[in-house]
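Colleague: Got a structure for you, questions after.
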Amino acid sequence: MGAQIIDGKAFAAKVRGQVAAHVARLKADHGITPGLAVVLIGEDPASQVYVRSKGKMTVEVGMASFEHKLDLDTSETDLLALIGQLNADLKVHGILVQLPLPKHLDEDLVINSIDPAKDVDGFHISNVGLLGTGQKSMVPCTPLGCLMMLREHHGSLSGMDAVVIGRSNIVGKPMAQLLLGDSCTVTIAHSRTKNLPDVVRRADIVVAAVGRAEMVPGDWIKPGATVIDVGINRIDAPEKGDGKTQLVGDVHFDSCAEVAGAITPVPGGVGPMTIACLLANTVTACCRSHGVDEPEGLTA
Ligand code: NAD
(Lines give C-alpha, C1' and ligand atoms only; values in the text may rest on other atoms or scores of the structure.)
Protein backbone atom coordinates (compact mmCIF):
# COMPACT_ATOMS: atom_id res chain seq x y z
CA MET A 1 0.00 0.00 0.00
CA GLY A 2 1.45 3.35 -1.06
CA ALA A 3 -1.21 5.84 0.01
CA GLN A 4 -1.18 7.91 3.15
CA ILE A 5 -4.27 7.14 5.23
CA ILE A 6 -6.25 10.27 6.06
CA ASP A 7 -7.38 9.56 9.61
CA GLY A 8 -10.86 11.08 9.85
CA LYS A 9 -11.34 9.79 13.37
CA ALA A 10 -8.28 11.62 14.70
CA PHE A 11 -9.06 14.77 12.69
CA ALA A 12 -12.66 14.75 13.94
CA ALA A 13 -11.41 14.54 17.53
CA LYS A 14 -9.24 17.60 16.84
CA VAL A 15 -12.22 19.50 15.37
CA ARG A 16 -14.38 18.56 18.39
CA GLY A 17 -11.58 19.87 20.64
CA GLN A 18 -11.63 23.21 18.77
CA VAL A 19 -15.43 23.34 19.09
CA ALA A 20 -15.23 22.56 22.84
CA ALA A 21 -12.65 25.32 23.36
CA HIS A 22 -14.86 27.83 21.55
CA VAL A 23 -17.93 26.73 23.53
CA ALA A 24 -15.98 27.24 26.78
CA ARG A 25 -15.05 30.78 25.64
CA LEU A 26 -18.66 31.56 24.70
CA LYS A 27 -19.79 30.48 28.16
CA ALA A 28 -17.03 32.32 30.04
CA ASP A 29 -16.97 35.57 28.04
CA HIS A 30 -20.61 35.93 26.99
CA GLY A 31 -22.66 33.59 29.22
CA ILE A 32 -23.92 31.78 26.09
CA THR A 33 -24.38 28.01 25.79
CA PRO A 34 -24.86 26.85 22.18
CA GLY A 35 -27.79 24.46 21.82
CA LEU A 36 -28.59 21.82 19.19
CA ALA A 37 -32.09 20.39 18.74
CA VAL A 38 -32.42 17.08 16.90
CA VAL A 39 -35.83 15.88 15.73
CA LEU A 40 -36.33 12.20 14.99
CA ILE A 41 -39.57 10.86 13.54
CA GLY A 42 -40.19 7.13 13.86
CA GLU A 43 -37.88 4.38 15.04
CA ASP A 44 -35.53 3.64 12.15
CA PRO A 45 -32.65 1.81 13.92
CA ALA A 46 -29.84 3.51 11.95
CA SER A 47 -31.37 6.96 12.56
CA GLN A 48 -31.72 6.19 16.28
CA VAL A 49 -28.01 5.33 16.46
CA TYR A 50 -27.06 8.57 14.67
CA VAL A 51 -29.29 10.68 16.89
CA ARG A 52 -27.95 9.07 20.07
CA SER A 53 -24.33 9.64 19.11
CA LYS A 54 -25.06 13.22 17.98
CA GLY A 55 -26.68 13.93 21.38
CA LYS A 56 -23.76 12.38 23.27
CA MET A 57 -21.11 14.34 21.36
CA THR A 58 -23.10 17.57 21.65
CA VAL A 59 -23.00 17.28 25.43
CA GLU A 60 -19.33 16.21 25.41
CA VAL A 61 -18.27 19.51 23.76
CA GLY A 62 -20.24 21.46 26.38
CA MET A 63 -23.30 22.35 24.31
CA ALA A 64 -26.94 21.81 25.23
CA SER A 65 -28.70 18.93 23.47
CA PHE A 66 -32.45 18.86 22.92
CA GLU A 67 -33.87 15.63 21.53
CA HIS A 68 -37.41 15.43 20.17
CA LYS A 69 -38.59 11.93 19.34
CA LEU A 70 -41.91 11.87 17.51
CA ASP A 71 -44.15 8.97 16.55
CA LEU A 72 -43.93 7.54 13.03
CA ASP A 73 -47.47 8.79 12.27
CA THR A 74 -46.80 12.38 13.41
CA SER A 75 -48.70 14.78 11.16
CA GLU A 76 -47.01 17.44 9.05
CA THR A 77 -48.92 20.10 11.00
CA ASP A 78 -47.54 18.87 14.33
CA LEU A 79 -43.99 18.60 12.98
CA LEU A 80 -44.13 22.11 11.50
CA ALA A 81 -45.50 23.42 14.82
CA LEU A 82 -42.53 21.88 16.68
CA ILE A 83 -40.08 23.38 14.18
CA GLY A 84 -41.80 26.75 14.65
CA GLN A 85 -41.24 26.49 18.42
CA LEU A 86 -37.58 25.56 17.94
CA ASN A 87 -37.11 28.45 15.49
CA ALA A 88 -38.35 30.82 18.21
CA ASP A 89 -36.45 29.20 21.10
CA LEU A 90 -33.46 31.35 22.09
CA LYS A 91 -31.70 28.37 23.70
CA VAL A 92 -31.68 26.55 20.35
CA HIS A 93 -29.04 27.68 17.82
CA GLY A 94 -29.10 24.64 15.55
CA ILE A 95 -32.00 22.45 14.36
CA LEU A 96 -31.53 19.13 12.62
CA VAL A 97 -34.43 17.02 11.38
CA GLN A 98 -33.09 13.49 10.93
CA LEU A 99 -33.62 12.24 7.35
CA PRO A 100 -35.07 10.26 5.73
CA LEU A 101 -38.58 11.27 6.77
CA PRO A 102 -41.56 8.92 6.65
CA LYS A 103 -43.27 9.01 3.23
CA HIS A 104 -46.31 11.06 4.36
CA LEU A 105 -44.10 14.05 5.24
CA ASP A 106 -42.92 16.49 2.56
CA GLU A 107 -39.14 16.67 3.03
CA ASP A 108 -38.67 19.95 1.13
CA LEU A 109 -41.49 21.65 3.02
CA VAL A 110 -40.13 20.46 6.38
CA ILE A 111 -36.51 21.47 5.67
CA ASN A 112 -37.53 24.86 4.32
CA SER A 113 -39.58 25.58 7.46
CA ILE A 114 -36.37 25.62 9.54
CA ASP A 115 -34.95 29.10 10.20
CA PRO A 116 -32.01 29.23 7.71
CA ALA A 117 -29.81 30.69 10.46
CA LYS A 118 -30.43 27.54 12.53
CA ASP A 119 -30.22 25.13 9.58
CA VAL A 120 -27.05 23.33 10.71
CA ASP A 121 -27.50 20.66 8.02
CA GLY A 122 -27.28 23.39 5.36
CA PHE A 123 -30.17 21.91 3.36
CA HIS A 124 -32.51 24.95 3.43
CA ILE A 125 -32.98 26.44 -0.02
CA SER A 126 -31.55 29.79 1.20
CA ASN A 127 -28.34 28.13 2.33
CA VAL A 128 -28.14 26.16 -0.91
CA GLY A 129 -28.43 29.46 -2.82
CA LEU A 130 -25.89 31.24 -0.63
CA LEU A 131 -23.37 28.41 -1.07
CA GLY A 132 -24.00 28.35 -4.84
CA THR A 133 -23.28 32.07 -5.09
CA GLY A 134 -20.18 31.92 -2.89
CA GLN A 135 -21.76 33.72 0.07
CA LYS A 136 -21.56 32.95 3.79
CA SER A 137 -23.97 30.09 4.50
CA MET A 138 -24.53 27.04 6.66
CA VAL A 139 -22.64 24.30 4.80
CA PRO A 140 -23.82 20.64 4.69
CA CYS A 141 -21.81 18.65 7.23
CA THR A 142 -20.52 15.72 5.15
CA PRO A 143 -19.06 17.77 2.28
CA LEU A 144 -17.71 20.29 4.81
CA GLY A 145 -15.89 17.44 6.57
CA CYS A 146 -14.45 16.27 3.23
CA LEU A 147 -13.28 19.80 2.40
CA MET A 148 -11.59 20.18 5.79
CA MET A 149 -9.69 16.93 5.31
CA LEU A 150 -8.61 17.96 1.81
CA ARG A 151 -7.44 21.38 3.00
CA GLU A 152 -5.57 19.81 5.91
CA HIS A 153 -3.85 17.36 3.56
CA HIS A 154 -3.07 19.67 0.63
CA GLY A 155 -3.12 23.19 1.98
CA SER A 156 -4.32 24.93 -1.20
CA LEU A 157 -6.59 23.05 -3.62
CA SER A 158 -6.33 25.78 -6.25
CA GLY A 159 -6.14 24.51 -9.83
CA MET A 160 -6.55 20.84 -8.95
CA ASP A 161 -8.82 18.61 -11.06
CA ALA A 162 -11.60 17.23 -8.85
CA VAL A 163 -14.17 14.60 -9.79
CA VAL A 164 -17.20 14.15 -7.54
CA ILE A 165 -19.06 10.90 -8.21
CA GLY A 166 -22.71 11.38 -7.20
CA ARG A 167 -25.03 14.38 -7.61
CA SER A 168 -27.23 14.22 -4.52
CA ASN A 169 -28.37 17.43 -2.83
CA ILE A 170 -26.82 16.41 0.48
CA VAL A 171 -23.36 15.32 -0.68
CA GLY A 172 -22.46 15.48 -4.40
CA LYS A 173 -23.77 18.93 -5.37
CA PRO A 174 -22.61 20.85 -2.27
CA MET A 175 -19.24 19.03 -2.44
CA ALA A 176 -18.80 20.25 -6.00
CA GLN A 177 -19.70 23.83 -4.95
CA LEU A 178 -17.17 23.74 -2.13
CA LEU A 179 -14.39 22.44 -4.38
CA LEU A 180 -15.25 25.13 -6.91
CA GLY A 181 -15.09 27.68 -4.09
CA ASP A 182 -11.54 26.48 -3.42
CA SER A 183 -10.70 26.98 -7.13
CA CYS A 184 -10.65 23.35 -8.25
CA THR A 185 -11.69 22.43 -11.77
CA VAL A 186 -14.73 20.34 -10.93
CA THR A 187 -16.55 17.54 -12.75
CA ILE A 188 -19.71 16.01 -11.32
CA ALA A 189 -20.14 12.42 -12.47
CA HIS A 190 -23.34 10.44 -11.97
CA SER A 191 -25.27 7.36 -13.03
CA ARG A 192 -25.53 8.55 -16.67
CA THR A 193 -21.90 9.64 -17.05
CA LYS A 194 -20.20 8.05 -20.05
CA ASN A 195 -16.74 6.50 -19.65
CA LEU A 196 -16.71 6.99 -15.88
CA PRO A 197 -13.30 5.26 -15.46
CA ASP A 198 -11.71 7.76 -17.89
CA VAL A 199 -13.37 10.70 -16.16
CA VAL A 200 -12.12 9.54 -12.75
CA ARG A 201 -8.62 8.81 -14.11
CA ARG A 202 -7.94 12.48 -14.81
CA ALA A 203 -8.73 13.59 -11.25
CA ASP A 204 -6.23 14.84 -8.68
CA ILE A 205 -9.07 14.59 -6.16
CA VAL A 206 -11.78 11.93 -6.27
CA VAL A 207 -14.81 12.17 -3.98
CA ALA A 208 -17.02 9.07 -4.20
CA ALA A 209 -20.58 9.55 -2.92
CA VAL A 210 -22.70 6.92 -4.65
CA GLY A 211 -23.80 4.22 -2.21
CA ARG A 212 -22.46 1.24 -4.21
CA ALA A 213 -20.04 -0.99 -2.38
CA GLU A 214 -16.45 -0.80 -3.67
CA MET A 215 -17.47 0.37 -7.15
CA VAL A 216 -14.28 2.41 -7.74
CA PRO A 217 -11.31 0.10 -8.40
CA GLY A 218 -7.65 1.08 -8.20
CA ASP A 219 -7.18 1.17 -11.97
CA TRP A 220 -9.56 4.17 -12.18
CA ILE A 221 -7.26 6.22 -9.95
CA LYS A 222 -4.53 8.52 -11.25
CA PRO A 223 -1.26 7.73 -9.45
CA GLY A 224 -0.85 10.05 -6.46
CA ALA A 225 -4.47 11.26 -6.42
CA THR A 226 -6.34 11.91 -3.19
CA VAL A 227 -9.40 9.70 -2.69
CA ILE A 228 -12.21 10.69 -0.34
CA ASP A 229 -14.70 7.86 0.20
CA VAL A 230 -18.09 9.07 1.42
CA GLY A 231 -19.96 5.80 0.84
CA ILE A 232 -21.26 3.68 3.70
CA ASN A 233 -22.34 0.23 2.55
CA ARG A 234 -23.04 -2.92 4.54
CA ILE A 235 -22.00 -6.13 2.86
CA ASP A 236 -21.99 -9.75 3.97
CA ALA A 237 -18.63 -10.85 5.31
CA PRO A 238 -18.77 -14.66 5.02
CA GLU A 239 -14.98 -14.97 5.43
CA LYS A 240 -15.35 -13.78 9.01
CA GLY A 241 -17.78 -16.63 9.64
CA ASP A 242 -19.67 -14.77 12.35
CA GLY A 243 -22.73 -13.98 10.21
CA LYS A 244 -22.13 -10.25 10.68
CA THR A 245 -22.03 -7.58 7.98
CA GLN A 246 -19.00 -5.49 7.15
CA LEU A 247 -18.90 -1.75 6.49
CA VAL A 248 -17.25 -0.72 3.21
CA GLY A 249 -17.06 2.45 1.16
CA ASP A 250 -17.76 3.20 -2.50
CA VAL A 251 -14.07 2.72 -3.18
CA HIS A 252 -12.21 -0.59 -3.34
CA PHE A 253 -9.81 0.34 -0.57
CA ASP A 254 -6.92 -2.08 -1.10
CA SER A 255 -6.51 -1.55 -4.84
CA CYS A 256 -7.03 2.24 -4.64
CA ALA A 257 -4.57 2.54 -1.74
CA GLU A 258 -1.91 0.95 -4.00
CA VAL A 259 -2.16 3.83 -6.47
CA ALA A 260 -3.49 6.87 -4.59
CA GLY A 261 -1.34 9.41 -2.78
CA ALA A 262 -3.83 9.61 0.09
CA ILE A 263 -7.13 7.92 0.93
CA THR A 264 -9.83 7.96 3.61
CA PRO A 265 -10.79 4.60 5.12
CA VAL A 266 -14.32 3.34 5.80
CA PRO A 267 -15.04 3.34 8.68
CA GLY A 268 -12.90 6.02 10.27
CA GLY A 269 -12.77 8.55 7.43
CA VAL A 270 -15.62 10.83 6.39
CA GLY A 271 -18.16 9.45 8.92
CA PRO A 272 -16.63 10.89 12.12
CA MET A 273 -16.03 14.23 10.37
CA THR A 274 -19.74 14.56 9.59
CA ILE A 275 -20.75 14.71 13.26
CA ALA A 276 -17.77 16.93 14.13
CA CYS A 277 -18.93 19.36 11.42
CA LEU A 278 -22.48 19.32 12.79
CA LEU A 279 -21.07 20.50 16.12
CA ALA A 280 -18.89 23.06 14.32
CA ASN A 281 -21.93 24.36 12.41
CA THR A 282 -23.91 24.69 15.65
CA VAL A 283 -21.23 26.79 17.32
CA THR A 284 -20.89 28.86 14.12
CA ALA A 285 -24.68 29.41 14.00
CA CYS A 286 -24.64 30.41 17.68
CA CYS A 287 -21.83 32.95 17.16
CA ARG A 288 -23.53 34.45 14.11
CA SER A 289 -26.86 34.80 15.93
CA HIS A 290 -25.17 36.61 18.84
CA GLY A 291 -22.87 38.67 16.62
CA VAL A 292 -19.69 37.36 18.29
CA ASP A 293 -16.51 36.01 16.68
CA GLU A 294 -16.96 32.59 15.12
CA PRO A 295 -14.27 29.89 15.35
CA GLU A 296 -11.64 30.00 12.63
CA GLY A 297 -11.14 27.12 10.20
CA LEU A 298 -14.40 25.40 11.05
CA THR A 299 -16.41 26.50 8.04
CA ALA A 300 -15.92 26.86 4.31
P1 NAD B 1 -27.94 9.24 -3.22
O2 NAD B 1 -28.51 7.89 -3.46
O3 NAD B 1 -28.83 10.37 -2.92
O4 NAD B 1 -27.08 9.66 -4.49
C5 NAD B 1 -26.25 8.75 -5.14
C6 NAD B 1 -25.68 9.37 -6.39
O7 NAD B 1 -24.86 8.40 -7.03
C8 NAD B 1 -26.73 9.79 -7.40
O9 NAD B 1 -26.53 11.14 -7.70
C10 NAD B 1 -26.46 8.92 -8.64
O11 NAD B 1 -26.52 9.66 -9.85
C12 NAD B 1 -25.05 8.46 -8.41
N13 NAD B 1 -24.87 7.12 -8.95
C14 NAD B 1 -25.65 6.03 -8.79
N15 NAD B 1 -25.14 4.99 -9.47
C16 NAD B 1 -24.04 5.43 -10.09
C17 NAD B 1 -23.10 4.81 -10.94
N18 NAD B 1 -23.20 3.55 -11.30
N19 NAD B 1 -22.09 5.57 -11.39
C20 NAD B 1 -21.96 6.86 -11.04
N21 NAD B 1 -22.83 7.48 -10.22
C22 NAD B 1 -23.85 6.78 -9.76
O23 NAD B 1 -26.82 9.05 -2.10
P24 NAD B 1 -26.16 10.09 -1.05
O25 NAD B 1 -27.16 10.46 -0.04
O26 NAD B 1 -25.43 11.16 -1.78
O27 NAD B 1 -25.10 9.11 -0.36
C28 NAD B 1 -24.07 8.49 -1.08
C29 NAD B 1 -23.32 7.55 -0.17
O30 NAD B 1 -22.71 8.31 0.86
C31 NAD B 1 -24.19 6.51 0.54
O32 NAD B 1 -23.43 5.33 0.71
C33 NAD B 1 -24.45 7.13 1.89
O34 NAD B 1 -24.69 6.17 2.90
C35 NAD B 1 -23.13 7.82 2.12
N36 NAD B 1 -23.19 8.96 3.05
C37 NAD B 1 -22.26 9.00 4.03
C38 NAD B 1 -22.25 10.05 4.92
C39 NAD B 1 -21.19 10.08 5.99
O40 NAD B 1 -21.34 10.77 6.97
N41 NAD B 1 -20.08 9.36 5.81
C42 NAD B 1 -23.20 11.07 4.82
C43 NAD B 1 -24.12 11.03 3.78
C44 NAD B 1 -24.11 9.97 2.88
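Colleague: Going through 86, 144, 82, 90 one at a time, which residue ends up being modelled with pLDDT of 95 or more and either closer than 17 Å to residue 177 by Cβ or within 16 Å of the ligand (Cβ to nearest atom) (or both)?
Modeller: When all the criteria are applied, what remains is 144.
Colleague: (1) more than 12 Å from the ligand (Cβ to nearest atom); (2) farther than 25 Å from residue 136 by Cα: which one isn't true of residue 153, the others all being true?
Modeller: Status for residue 153: all satisfied but (2).
Colleague: Here is a further query. Based on this model, can you work out whether residue 114 counts as open to solvent by less than 30 Å² (accessible area, probe 1.4 Å) and part of a strand (DSSP E or B)? Walk me through it before giving the result.
Modeller: On the way: open to solvent by less than 30 Å² (accessible area, probe 1.4 Å): yes; part of a strand (DSSP E or B): no.
The answer is no for residue 114.
Colleague: For segment 262-281, does any single residue satisfy the condition of being in a helix (DSSP H, G or I), more than 24 Å from the chain's Cα centre (by Cα) and at pLDDT 95 or above?
Modeller: No, there is no match, as no residue in segment 262-281 is in a helix (DSSP H, G or I), more than 24 Å from the chain's Cα centre (by Cα) and at pLDDT 95 or above.
Colleague: I need the full set of residues from segment 161-201 which are part of a loop (DSSP other than H, G, I, E, B) and in contact with a Ser or Thr (Cβ under 8 Å, 6 or more places away or on another chain), in order please.
Modeller: Across segment 161-201, the qualifying residues are 170, 171, 182, 183, 184.
Colleague: Now, a different point. Quick check on residue 2: is it at pLDDT 95 or above and open to solvent by less than 70 Å² (accessible area, probe 1.4 Å)?
Modeller: In short, no.
Colleague: Which count do you get for residues in segment 185-226 that are within 14 Å of the ligand (Cβ to nearest atom) and either surrounded by 17 or more Cβ atoms within 10 Å (Cβ to Cβ) or under 14 Å from residue 163 (Cα atoms) (or both)?
Modeller: Result for segment 185-226: 24.
Colleague: Since residue 299 meets every condition but one in (1) in a loop (DSSP other than H, G, I, E, B); (2) out of contact with any Ser or Thr (no Cβ under 9 Å at 6 or more places or on another chain); (3) open to solvent by 20 Å² or more (accessible area, probe 1.4 Å), which condition does it not meet?
Modeller: The failed condition is (2).
Colleague: Given 292, 270, 259, 283, which one is among the aliphatic types (A, V, I, L, M), open to solvent by 10 Å² or more (accessible area, probe 1.4 Å) and either within 16 Å of the ligand (Cβ to nearest atom) or within 21 Å of residue 135 (Cα to Cα) (or both)?
Modeller: Residue meeting the stated conditions: 292.
The values are calculated or read from the model by the stated rules, or taken from the named source; none is laboratory data. In this text, all values refer to a predicted model and were calculated from it rather than measured experimentally. A quick note on method: Cβ atoms are made from the backbone with ideal geometry, for glycine too, and the neighbour counts reach across all protein chains shown. With ligands, DNA and RNA removed, areas are computed over all heavy atoms of the protein, side chains included. Shrake-Rupley method; radii C 1.70, N 1.55, O 1.52, S 1.80 Å.
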